[in-house]
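Written below as structure tokens is the structure these notes are about.
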Amino acid sequence: MENNIFYEGQVLWSQIDANVHLRHSAYADFCAQARSNMLNKLGLSLSEFNQKKIGPILFREELNYLREIGLDERIKVSVEIIKFNVKNSRFSFRHEIFKENGVKAAVVVVDGAWMNIVARKLTNIPEEWMSIIHKIPRAADYLEINE
């Protein structure tokens, strides 16, 4: 699991809600940052996305809360790919958010695809990116679709 950690950080005051725990949208923010960090580490930086005029978009985001996360806690976020469609480049990622004591606090699953940011339409990723996609940590239940 440690190899799949792509974000570590402190929960900030601005991320706390009226119930004095991590607000729901902050979970999505942490996961988005972890995905961005992962892709950047593997060679797909924001400048590479901009050069190709491609960006990731999400269709669905599912969050299961397991434990509360509070102010000033340190968290870790793992990322692994659970599904990839080779034909149309659609993807699903699973993120696990861990409290500083190692307890799993949440599981977030997102489904998405790639969009041409000029045409505003779904697109396949460039062939040269496939080697990078294959470096993304894969879940034990990973499913590759070829249709």
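The values are calculated or read from the model by the stated rules, or taken from the named source; none is laboratory data. These numbers come from a predicted model, not from an experiment. As a convention, Cβ positions derive from the backbone with ideal geometry for all residues, glycine included, and neighbour counts pool all protein chains shown. Keep in mind that these areas ignore ligands, DNA and RNA; they rest on the heavy atoms of the full protein, side chains included. Shrake-Rupley method; radii C 1.70, N 1.55, O 1.52, S 1.80 Å.
Projecting the Cα atoms of PHE59, ASN116, SER92 onto the dipole axis of the chain, where Lys and Arg carry +1 and Asp and Glu carry -1 at the beta carbon, places ASN116 farthest toward the positive end. Expressed per residue, the C-alpha convex hull volume of region 9-102 stands at 126 Å³.
Jot down the per residue volume, in cubic angstrom and as a whole number, of the convex hull over the alpha-carbon atoms of region 47-147. All intermediate terms of the calculation are to be shown ahead of the outcome.
On the way: hull volume 13.4 nm³, N = 101.
In region 47-147, the Cα convex hull volume per residue is 133 Å³.
For region 1-69, averaging the sequence separation of C-alpha pairs within contact (under 8 Å, six or more residues apart) and dividing by the residue count gives a relative contact order of 32 percent. The accessible area of PHE59, taken with all protein chains in place and a 1.4 Å probe, comes to roughly 100 Å².
Between Rg and the Kirkwood Rh of region 102-145, both from Cα atoms, what is the Rg to Rh ratio? Computed over Cα atoms, the ratio is 1.07.
Carbon and sulfur atoms: what percent of the 1.4 Å accessible area of region 1-81 do they account for? Carbon and sulfur atoms account for 48 percent of the accessible area of region 1-81. The stretch between HIS134 and LEU63 holds 23.0 nm of extra length on full extension. This uses 0.36 nm per residue minus the Cα-Cα distance. What angle do you read, to the nearest 10 degrees and between 0 and 90, between the alpha-carbon axis of helix 24-42 and the longest principal axis of the chain? For helix 24-42, the angle is close to 50 degrees.
Only residues of region 44-75 count here: report those whose backbone N is under 12 Å from the spot 7 Å along Cα→Cβ of GLU144, or say none. Correct set: none at all. The mean accessible area for residues of the chain, using a 1.4 Å probe and ignoring ligands and nucleic acids, is 55 Å² per residue.
Using Cα pairs under 8 angstrom and six or more residues apart, how large is the relative contact order of region 37-147, in percent?
Across region 37-147, relative contact order equals 32 percent.
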